[in-house]
Amino acid sequence: MSIFKDKQYLRVNVDKAPDDSLWMKCKACGELVFKRRVRENSNICPSCGEYFFLTVEERIEMLVDADSFDNISKSIEADDPLHFVDRTSYQDRIEKAQGLTGLPDAIVVGRATITQSPVVLAVMDFRFIGGSMGSVMGEQICHGMETAIEDRCPFILVSSSGGARLQEGLFSLLQMAKTAAVRAKLAEAGLPFISIMTYPTSGGVQASIASLGDIIIAERGAMIGFAGRRVIQFTIAQELPADYQTDAFAFEHGAIDRVVQRANMREELSSLLGFFVEVA
Amino acid sequence: MSIFKDKQYLRVNVDKAPDDSLWMKCKACGELVFKRRVRENSNICPSCGEYFFLTVEERIEMLVDADSFDNISKSIEADDPLHFVDRTSYQDRIEKAQGLTGLPDAIVVGRATITQSPVVLAVMDFRFIGGSMGSVMGEQICHGMETAIEDRCPFILVSSSGGARLQEGLFSLLQMAKTAAVRAKLAEAGLPFISIMTYPTSGGVQASIASLGDIIIAERGAMIGFAGRRVIQFTIAQELPADYQTDAFAFEHGAIDRVVQRANMREELSSLLGFFVEVA
Amino acid sequence: MSDERTLDLLETKIEELKQLNAMDGIDLSGEITKLEKKLVELRRKLYSNLSDWERVKIARNPKRPYALDYIKLMFDGFYEIHGDRMIGDDRALLTGLAQLDGRTVMLVAQQKGRTTEENKERYFGMTRPQGYRKAVRAMKLAERFSFPVVTLIDTPGAYPGVESEASNIGGAIAESLLAMSQLRTPIVSVVIGEGGSGGALAIGLADRVLMLENAVYSVITPEGAAAILWKEKDRSQEAAAALQLTAEHLLQLGLIDGVIPEPLGGAHKDFAMTVAALKPSVVGLLDELRSLGIDELLDARFRRYRAVGSFRELGTSHEASSSDEKVSSENEADAAIISNDSPDA
Amino acid sequence: MSDERTLDLLETKIEELKQLNAMDGIDLSGEITKLEKKLVELRRKLYSNLSDWERVKIARNPKRPYALDYIKLMFDGFYEIHGDRMIGDDRALLTGLAQLDGRTVMLVAQQKGRTTEENKERYFGMTRPQGYRKAVRAMKLAERFSFPVVTLIDTPGAYPGVESEASNIGGAIAESLLAMSQLRTPIVSVVIGEGGSGGALAIGLADRVLMLENAVYSVITPEGAAAILWKEKDRSQEAAAALQLTAEHLLQLGLIDGVIPEPLGGAHKDFAMTVAALKPSVVGLLDELRSLGIDELLDARFRRYRAVGSFRELGTSHEASSSDEKVSSENEADAAIISNDSPDA
Ligand SMILES: [Zn+2]
Ligand SMILES: [Zn+2]
C-alpha cells in the first residue's frame, strides 16, 4: 500500500516488488537479519543499530500522520540542458533512477499533518543519483516553500544529498541561489523552516538550503559537511579526524541545533511544531 | 594656544604649565630625549618608537584641520549617584582628575573638519580616571552621535579607556547599552561611525561602542581586548601569549579593520572620509 | 547573631523531634510548635537585615535555583536550540523555545553548574563568544515569529582568556547589545542570581528588568572592586555595599523595574515559592508589552536606555575643588583598568 | 597547429629584428611588417578556436590579472577593510571601499597568489568561512550607505578541510547567499578567472553577472567531473566541454548577462585593454541598476533567481525508458557524492 494518495508520479516502485528473500545481511555487522524486523525498527539494524537508507515513502510514513500525505510535487522532470554525456548519458541516468525509485526526481513534496499540525514536507531520495540537486529539486523545494507561504504553515525539508547534480552544470549550482532566495520569502512571511539533515547532507545542498533552517535537526548518524573526504585528500592532502563531518562534529561546532534518533523524529517534530501553533 | 575655541570647560591645563625641563626620559628605552622633538614626532619616542599618551588636545590637533575644532561637549560633569567612597571619595577623584586634565570628564566632543570634510569627533583622555566610561562619557558619546545625525556627517570616536567607571556602579555598566542604542540610530540614519582604538581600549568600552564601528581602526601599539591580564590570571590562571590583546592579535583574529601608525592617522581618516562624501 | 547554618541545624532538630513525637507517642507537639515559631522569628530577623555582602553570598549559593530549575518549574516544554552556526555551542548559555502561560517565548538563559563536572562543561557559568552569538541568533529567530524573549541572567561574567579574546568576546557582547536595542519583539530580563557585569548586561538590554530579592547586578564583583579600588581583597564587604548591587538598591536608583520576593532564607529554600512569585510578574509584563504596538515598544525601549545616567550641570552643586594635591595620573588610571568582567575566583 | 608558446617565440624574434633594424641601419621594416601581420593572423586563428579546456587553462593562468590588478587599474583608492569581527581575516577574499567612475562602491573580490609565499597566505585563492563572513559584513555595510556592491570572482573553490568545516563553511556560504538575495543595494558580479562552484557562487548572487571571455564558471572542476563521472582523470578535456563552463556557453544558456572580450591571447596579454573593456560595462550596469527603485531592484533580483532552472513537464518530450537494465544505486549515488568544491590539485 502506497502512502501517496496521488500515484501519478510513481512509475515503478522497486520496493513494492515482491521480496525475493525474507532475510537480509547487514552491511555493518554482517548479521543476517529478518527484513520485516528491520522495517519495523525504522530501518535500523536490530543487531548493531546501523541506520539503513530510507526510501522517500518510508521516510514520509515515519514522519507524518497516517494517510495524511498529499503529494503536491510539480509534474516536472529533468530536462537535459547541456545534453550531458559522460560514460553514459544524463538522459539514461535519469531514466534508470526513475525506474529504480519510481520517482520523477530525487525529491517529493507534499502537504501532510504531524499530530494534526499541517505542514509542507519535502523529502529527498538518495537513491536517485545520490539525491543530487538539479533544476527539478530546486524547483520542487521552492514550490514547497511557496505552498507553505500560501497555506501559512511550516516547511520541513529532509535532506539526503551528495550535493549539486553535475550533469546540469551551472543550472545545478544556481539552485543554491534560487532556494536561498525563496527561503528569504518564507522568513519574511514569518513561517518556520525546519531542516532535517540525514546521511549524507553535503556539498551544494548543505551549503545552501539545508543550512538555512530556523531549526536544524540532524538525524543520528548523519554525515554533514561541505567538502567530502575525497576532495580534501585530493586538494590539500590533510589528515582527517575520525569524527570529521559526523553529526557530533557538526553539533560540537555549533552548525546544528540538535541530533535526534530516527525513531524519535516524528515526536521531535510534533513537539517542535507545538511552539509554532500561534504563528500560522 | 589652545585648539578649543570655547574654553569654558577647561579649568586648568597641566600641559600648559611651563616645562620644568626641556628633556624627558623615555620609559621604554631609558633614553633622555628632547621634549620638543617628542612632541613634533606625534608624541612618539624619537629613539625607540614608543608611543606616549596623548592629551585630548594633542590628539585632536593631530587629527583635524587647524582651528576647525569646535567643542560641543554638553556642559555636564559626574554626579555621584552612589556616594561612592573607597580609599578616597569619588567626588575627590573627579576633582583631582579635572584638575589634572583641565577637563570636566574623560571625553571631549566637538565638530571639526578633516581635509574640509565635516565630522563629529569624540576623544577620550586616559589620564582622567583611566578614560573610564561613566554617565558623563556615555551621555557625551550619545550627544556626539546625535549631533552627527543632525549634521548628517560621520561620527568618529577615539577610545582610550580601561573600561567602565566603577564608582558609578550599574550606571556605568548601562552606558554600554545606552551607547549601543544610540549607535543603532546612527546606522538607521545611514551615517558612518569610525571607531579608533588606541592604547588601551578595553573592558566595557571595547565591549560596547568601540566595537560597533562601521570601520574600526587601531592605532599602532593599541591594547585591545575585553578582560585584562590581571583578571585572567585571577580568574582562570591561564598562561597568556606575548601578543595577547595587541593590535596584531586583534587584527589577526578579525576584530578590527586596520592598524595605522599614529603619524598617518589624519591621512587615513581623510582618505576614508572621501568614500563617504556622497552619503551626507 | 545567629547565622544560616545555626538555623538550619535548629530546623533539623525540630524535624528529629517531630519524628520522635510520631514514633513514641510522647506528646511534644506544644514544644515543637514553639520551636517552629522561634525558628521563623529568628529567620526573619536574620534575613530582614542582610548585608549587601550576605546577599552576594546568597546570590552565589550553589543550592540556588538555576536557569534549568526555572525552565522545569515555570515554563512548559523547553525545546533547546544549540550552536552559533559558526564555531560552537556554549553550554553556559541556553537558548530555546518554551511555553509560558500557554504562549511561546524564546528563552535565553545563563546556566551555572553544580558539580565539578558540570562546571567544567559550563565554564562556571561564564559565557563565551559562541554563547552570545547563539543568543543573538535565538533572539532574531524569536523576532521572526514575534515570540517575546525572556532572558535569565546568572553569570559571574563573560569568560575571559585567550580563547575568548581570539573570538572577539568584546565584539560579541557589543553586537548583542546592538541587536537587542533593535529587536522587534518584547524582551523581559530577570536577574536570578549573579548579574556579572558586561557578561550579564549582554543579554539584559530589555523592555523590563526584574531582579530576585537576593540577586545582585554589578559593574564588577566586590572582590574585583576591593582589589582595584581598595587595593585589599578583604575589603569585599565594603565594596559590596559601596557598589549598591542589590535588587533593593537598584530599584531605588531606578535602574530596574521590580524586585521579586524570595522565600525566607533565599530562593533555594523553596523553588516552588520562588517561581510562584516570579511567574505572574513575567506573564504580566509580557501581556503589558504585547499590548503595545511594535514601534511604540521600540521607542519606549530606546527612551529607557537613552535616559540612563546620572550627571549634573557643570559646577552646579558642589564647590570647585581647591585641592592642590597632585595625584599620579598613572595611579588614577590604574583604578579603571579593569575589565567589566572580573568574576570571583 | 601553433600553440601559444610558439607564437610568443615568434613575437620575441620580431622584437629582435626590430632592434637589429634600428641598430644597424639595415632596412628590415618591410619584412617586419609582414611578420607582424602574420603573427596577428596566427594568434587570431589560435584564439578564435580555443577549446573549452584551453580556456580553463587561460582562466587559471597565473599571469592573468587578479583582483588586485583590477583594483589598481579600474578603481580609485581602494580602502581595504579586514576581518569578520569574529574569528579572523581571510586574505583570499578582499573587501573594501573603492571609487568607480567617481562613485563609491564596495568591492568583494577573491584574490589568488602568484608566488609560493603569497599562495600560502591566500590559500591558493580558496575562500574560508571567515572570508565569506567578512564579505557579508562588507555587503551589509555597503547596504547601510547605499553603496553598490561589485564582486570579482576568482577561486578554485571554497577552502576545504577540517578547519573550514569546524567553522561551518557550508553554513557561511548559505548565509552569504541569503544575505545577497535580500541586500538592498545593487550587486554586479564579474567572473574574472575561475568561478569555482559554491565557493564562487557564494559571492555571485547578483543583479547582473558578467564573465570575461576566457573565464570559466562551473559546478565542479573538469578534473573533479572526470574523476567522478568518467572515473578517469585524463578525461578532463571532455569534461570541460560537457560542463559548458565557458562564458560563451553560459551566455547562450542564459545564465549570465554579458561577456567581456579579452585581448588576443587572453587578459594577461594586456591588462589595460582588459580593464578598458570591463570598466564601462560595469559602470553602465551600475547606472542602470541605480536608476531602479530599490524594491523594483529586489523584485527583479528575486525573479531572476526564482526562474533559474531547466526542466520539462513530466513525460512530455522523451519516451519513458523501457530499459530493463538495473543499475546499482550505489554506483549512481557515487556519481553525485561530490562537493561543490573540488579545486584542481
Ligand atoms: Zn547490523
Ligand atoms: Zn624610547
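General observations
- Number of residues in region A:175-193 that are of a type in the set (A, V, I, L, M, F, W, C), facing chain D (nearest Cβ under 8 Å) and touching a residue at least 12 places away in the same chain (Cβ under 8 Å): the value is 4.
- In region B:248-280, the residues that are touching a residue at least 12 places away in the same chain (Cβ under 8 Å), assigned to a loop (DSSP other than H, G, I, E, B) and in contact with a helix residue (DSSP H, G or I) (Cβ under 7 Å, 6 or more places away or on another chain): B:Ala255, B:Ile256
For (1) in a loop (DSSP other than H, G, I, E, B); (2) within 12 Å of chain C (Cβ to nearest Cβ), each residue gets a yes or a no:
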position	(1), (2)
B:Val38	no, no
B:Pro46	yes, no
B:Asp65	yes, no
B:Lys74	yes, yes
B:His83	yes, yes
B:Leu103	yes, yes
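- Pair list, Cβ under 6 Å, 6 or more apart: region C:57-77 residue in contact (Cβ under 8 Å) with a residue 60 or more places away in the chain, other residue of a type in the set (Asp, Glu): C:Ala59/C:Glu194; C:Arg60/C:Glu194
- Among the residues making up region A:39-64, those that are within 11 Å of ligand 1 (Cβ to nearest atom) and within 21 Å of A:Leu100 (Cα to Cα) are A:Tyr51, A:Phe52.
- Summed over region B:51-68, the residues that are buried (at least 17 other Cβ atoms within 10 Å of the Cβ), in contact (Cβ under 8 Å) with a residue 60 or more places away in the chain and more than 18 Å from the chain's Cα centre (by Cα) give a count of 0.
- Residue count, region B:201-227 (criterion: facing chain C (nearest Cβ under 7 Å) and modelled with pLDDT of 90 or more): 10
- Residue that is farthest from the other protein chains (Cβ to nearest Cβ) [pool: residues in region C:241-277 that are among the aliphatic types (A, V, I, L, M) and over 29 Å from C:Ile71 (Cβ atoms)]: C:Ala241
- Every condition in (1) in a helix (DSSP H, G or I); (2) closer than 13 Å to A:Leu82 by Cα holds for D:His268 except the one numbered (2).
- Hits in region B:228-247 - residues which are farther than 18 Å from C:Glu223 by Cβ and either at the interface with chain C (Cβ under 9 Å from one of its Cβ atoms) or assigned to a loop (DSSP other than H, G, I, E, B) (or both): B:Gln238, B:Glu239, B:Leu240, B:Pro241, B:Ala242, B:Asp243, B:Tyr244, B:Gln245
- Qualifying residues in region D:293-308 (those that are surrounded by fewer than 17 Cβ atoms within 10 Å (Cβ to Cβ) and touching a residue at least 12 places away in the same chain (Cβ under 8 Å)) - the one nearest to D:Arg208 (Cα to Cα): D:Ala300
- Residue within region D:49-70 that is of a type in the set (Ser, Thr, Tyr), surrounded by fewer than 17 Cβ atoms within 10 Å (Cβ to Cβ) and at pLDDT below 85 present: no
- Listed by first and then second residue, the pairs with beta-carbon distance under 6 Å, at least 6 apart or on different chains, first residue in region B:31-50 and more than 16 Å from B:Ala222 (Cα to Cα) and modelled with pLDDT of 85 or more, second of a type in the set (Val, Ile, Thr) and more than 16 Å from ligand 1 (Cβ to nearest atom), are B:Pro46/B:Val33; B:Ser47/B:Val33.
- Spans of helices (runs of 4 or more DSSP H) in region D:50-136 with at least 3 residues in contact with a strand residue (DSSP E or B) (Cβ under 7 Å, 6 or more places away or on another chain): D:52-59, D:67-74
- Residues that are over 19 Å from B:Asn264 (Cα atoms) and of a type in the set (S, T, N, Q) do not occur anywhere in region B:110-119.
- Filtered residues of region C:168-194 (kept if under 21 Å from C:Arg306 (Cα atoms), more than 7 Å from chain B (Cβ to nearest Cβ) and either among the small types (Gly, Ala, Ser) or part of a helix (DSSP H, G or I) (or both)): C:Glu175, C:Ser176, C:Ala179, C:Met180, C:Ser189
- In the set (1) in the same structural domain as B:Ala122 (by TED's automatic domain parsing); (2) out of contact with any Leu (no Cβ under 7 Å at 6 or more places or on another chain); (3) surrounded by fewer than 16 Cβ atoms within 10 Å (Cβ to Cβ), the condition left unmet by B:Asp80 is number (3).
- Filtering region B:145-167 to residues that are within 14 Å of chain C (Cβ to nearest Cβ), out of contact with any Phe, Trp or Tyr (no Cβ under 6 Å at 6 or more places or on another chain) and buried (at least 24 other Cβ atoms within 10 Å of the Cβ) leaves B:Leu157, B:Ser159, B:Ser161, B:Gly162, B:Gly163, B:Ala164, B:Arg165, B:Leu166.
- Residue in region B:82-103 that is more than 16 Å from ligand 2 (Cβ to nearest atom), in contact with a strand residue (DSSP E or B) (Cβ under 7 Å, 6 or more places away or on another chain), farther than 23 Å from B:Leu173 by Cβ and of a type in the set (Lys, Arg) present: no
- The selection criterion, being of a type outside the set (A, V, I, L, M) and under 16 Å from A:Phe155 (Cα atoms), does not hold for A:Thr55.
- For region C:222-256, taking the residues that are out of contact with any strand residue (DSSP E or B) (no Cβ under 7 Å at 6 or more places or on another chain) and part of a loop (DSSP other than H, G, I, E, B), the one that is surrounded by the most Cβ atoms within 10 Å (Cβ to Cβ) is identified as C:Gln244.
- Sole exception among (1) of a type in the set (Ser, Thr, Tyr); (2) more than 9 Å from chain A (Cβ to nearest Cβ); (3) part of a helix (DSSP H, G or I) for D:Ser164, by number: (2)
- Subset of region B:28-76 that is touching a Phe, Trp or Tyr at 6+ places or on another chain (Cβ under 6 Å), of a type in the set (A, V, I, L, M) and in the same structural domain as B:Met265 (by TED's automatic domain parsing) - its residue that is nearest to ligand 2 (Cβ to nearest atom): B:Ile60
- The residue list C:Val219, C:Val209 contains one member that is more than 9 Å from chain B (Cβ to nearest Cβ) and either surrounded by fewer than 24 Cβ atoms within 10 Å (Cβ to Cβ) or within 25 Å of C:Tyr305 (Cβ to Cβ) (or both), which is C:Val209.
- Residue check, D:Ala200 assigned to a helix (DSSP H, G or I) and either at the interface with another protein chain (Cβ under 9 Å from one of its Cβ atoms) or surrounded by fewer than 24 Cβ atoms within 10 Å (Cβ to Cβ) (or both): yes
The values are calculated or read from the model by the stated rules, or taken from the named source; none is laboratory data. Remember, it's a predicted structure, so these values are computed and weren't measured experimentally. Every residue, glycine as well, gets a Cβ built from its backbone with ideal geometry; the counts of neighbours run over all protein chains shown.
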